[in-house]
Amino acid sequence: MKAWWLRRSVRFRLALWYATATALVLIAFAWFVYEVIERRLAAEIDRQLRIDFDLVEPQLDVDTEGRVSWMVRGSHGDEGFARISAWFEVWSENKELLLRHWPVPEGNIKDVPPPQTSTLKFATVELERGLFLRVMERPGRVQGRSVIIRVFRDETEMRRTLSEIVEVSMLGFPLAGALAAIGGYLVATRSLAPLSAMAQQARRITSESLSKRLPNPNPNDELGRLASVFNETLTRLEASFAELQRFTADASHELRSPLTALRAVGEVALRDGHDPAMLRETIGSMLEEAERLTDLVDALLTLARMDATKSGATLEEVNIATLLEEIRDQFEVLASEKGQTLAVTSDHNVSVQADRTLLRLALVNLVHNAIRHSPSSSKISLAAARRPHGIEISVSDTGPGIAPEYQEKIFEPFFRLDKARSRSGGGGVGLGLAIARRAVERTGGRIIVESKSNRGSVFRIALPLAGSAATI
């Protein structure tokens, strides 16, 4: 049953639920109306029985032979006998029938049990052929004699009215249920029409058409908000695909360039390779290009591993001053070749809870980038300080600086300020800052740059207290 239900369409299920709910509401309402009308009609009959009792009791008399009779006194004081619409019986206290006034032959009357109590009581009795009477029995007095008077009223009209209500309900409920089902189906179809349109449009969206969006006629309802979420997802996917295509194109270009250089140098060596000095120069050039290719592949593998690894960073207590001194010692020879100096400013007691490997990777790329772009005989500063919200590590240089419009783009893979992608002056492949940002973010921090054109740059790594414990 559950599998059958789940195979049905949403509009069918909504229509069925709507019809079922409507039927239940109608049944409950009909039952309530039936009960109210039945009680009102029964109360009206009981009221008429009380009136009949008050009319009958004064007109009862005992003749000279001790028999109870019913005498009606006219409006002019004359006496006579007549029948009224009320049916009544008079019983003695010993349960002996003294008088019976029935408008039908007694042969058609089913045996009616005698009174059971001597108190006021209402009940329903059945005569022959389904004739139901409402009866009220109550103690009374006739010429000083205690009797029990039972007054009857026909329930035929009341039962006919109630039967008509049931018949109308039985005829109307299926029609109401069918109309509710049709109305629910139409409402569900109209309400779900935007969803069908979104599904059709989603089927047409491929990796080549991510610029398309789902239709969203009403952004304020539930389906509109769903369409908005899907469109936002498509926007992110489009941006991701564009970045992936750009990354692939840049990676292909960067890989092709050293390979092309290797091939060109090798062809020259084969053609004019009779001079040993020229051969040595050629081999040196090939080794440089091979080293550049190795660096590029290593950087690409680093980015791939950082993107593929979903686990969190391994936090440990890192002494920032010691880490900065290690990095200074590592790059001191490279900096001295350009006459540059590396200065470390940090209290030796500053420590932080972070992933040491990732933090070191980020600082290595920042320092290498600063050495590459700073002029000769310049100073590069590495500093660490405590801030109200954690530890801040900065790498400052005196290079050409970065214009404000590029200060976010420089963290994208393969982005270079040099539009011609020149490798003169030892330019890199454009992956160092991208690796640095991802490494810092993986360890729970963030990296920002402060720079102005021709005034140098300051890269700041902020490790918040929420992800680290800083002590001094």
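The values are calculated or read from the model by the stated rules, or taken from the named source; none is laboratory data. Keep in mind that what you see is a predicted model, and the values were worked out from it rather than measured. So basically every Cβ, Gly included, is an ideal-geometry build from the backbone, and we count neighbours across all protein chains shown. Surface accessibility is based on the protein's heavy atoms, side chains included, excluding ligands, DNA and RNA. Shrake-Rupley method; radii C 1.70, N 1.55, O 1.52, S 1.80 Å.
Can you compute the FRET efficiency between residue 222 and residue 326 using 1/(1 + (r/R0)^6), with r the Cβ-Cβ distance and R0 = 60 Å? Round to the nearest 0.05. Mind showing how you got there, number by number?
On the way: r = 56 Å, r/R0 = 0.94.
Approximately 0.60, to the nearest 0.05.
Across the range 400-412, rounded Karplus estimates of 3J(HN,Hα) from the backbone phi angles (6.51 cos²θ - 1.76 cosθ + 1.60, θ = phi - 60°) give x, x, 10, 5, x, 5, 10, 6, 9, 5, 5, 8, 7 Hz, Gly and Pro being marked x.
Which order, highest average first, do 164-175, 343-354 follow once you tally other Cβ atoms within 10 Å for each residue and take the mean per peptide?
Working: 164-175: 11.7, 343-354: 17.6.
The peptides rank, most packed first, as 343-354, 164-175.
Distance from the Cα centre of the range 1-57 to that of the range 323-345, in angstrom? Their Cα centres are 91 Å away from one another. Using R0 = 60 Å, the C-beta based FRET efficiency linking residue 178 and residue 123 works out to 0.90.
Taking the solvent-accessible surface of protein heavy atoms with a 1.4 Å probe, what is the per residue accessible area of the range 353-417 in Å²? Don't jump to the answer; show the numbers that get you there.
Numbers: 2830 Å² over 65 residues.
For the range 353-417, the solvent-accessible area averages 44 Å² per residue.
Most simply put, the range 312-458 has about 75% antiparallel DSSP beta bridges, counting only bridges with both residues inside it.
Cβ-Cβ distance of residue 7 and residue 189, R₀ of 25 Å, FRET efficiency by 1/(1 + (r/R0)^6): the value works out to about 0.85. Amide hydrogen proximity for residue 355: with H placed 1.01 Å from N in the peptide plane, the residues at 5 or more positions away or on another chain lying under 5 Å are 316. Per-residue 3J(HN,Hα) values for the range 153-170, derived from phi via the Karplus relation 6.51 cos²θ - 1.76 cosθ + 1.60 with θ = phi - 60°, read 9, 6, 9, 4, 5, 4, 5, 5, 4, 5, 5, 5, 4, 5, 5, 4, 5, 5 Hz in sequence order (x marks Gly and Pro).
Counting Lys +1, Arg +1, Asp -1, Glu -1, what net charge surrounds residue 385 among other residues with beta carbon under 12 Å of its beta carbon? Net of charged neighbours comes to +1. Database remark: amide H of residue 414 closer than 5 angstrom to the amide H of 431 (H placed geometrically; neighbours at sequence offset of 5 or more, or on other chains; Pro and chain starts carry no H). Shown in residue order for the range 49-60 are the 3J(HN,Hα) couplings computed by the Karplus curve 6.51 cos²θ - 1.76 cosθ + 1.60 at θ = phi - 60°: 5, 5, 5, 4, 4, 5, 7, 6, 4, x, 8, 8 Hz (x for Gly and Pro). The listed peptides 403-414, 364-375, ordered by packing as a protection proxy, come out as 364-375, 403-414 (highest mean of other Cβ atoms within 10 Å first). In this label model, residue 450 and residue 204 are separated by 5.2 nm, measuring between points 7 Å along each Cα→Cβ vector. Computed on the Cα atoms alone, the convex hull of the range 112-266 gives a volume of 273 cubic angstrom per residue. Taking amide H positions as modeled 1.01 Å from N, with prolines and chain starts lacking one, the residues under 5 Å from residue 62 and 5 or more places away or on another chain are 69.
What is the gain in length, in nm to one decimal, between residue 341 and residue 406 on full extension, counting 0.36 nm per residue of separation less the C-alpha to C-alpha distance?
Numbers: separation 65, 0.36 × 65 = 23.40 nm, distance 2.70 nm.
Value of the extension gain: 20.7 nm.
What length, rounded to one decimal in nm, is gained on full extension from residue 271 through to residue 35, with 0.36 nm per residue of separation minus their alpha-carbon distance? Intermediate values should be presented prior to the final figure.
Working: separation 236, 0.36 × 236 = 84.96 nm, distance 11.17 nm.
Result: 73.8 nm gained on full extension.
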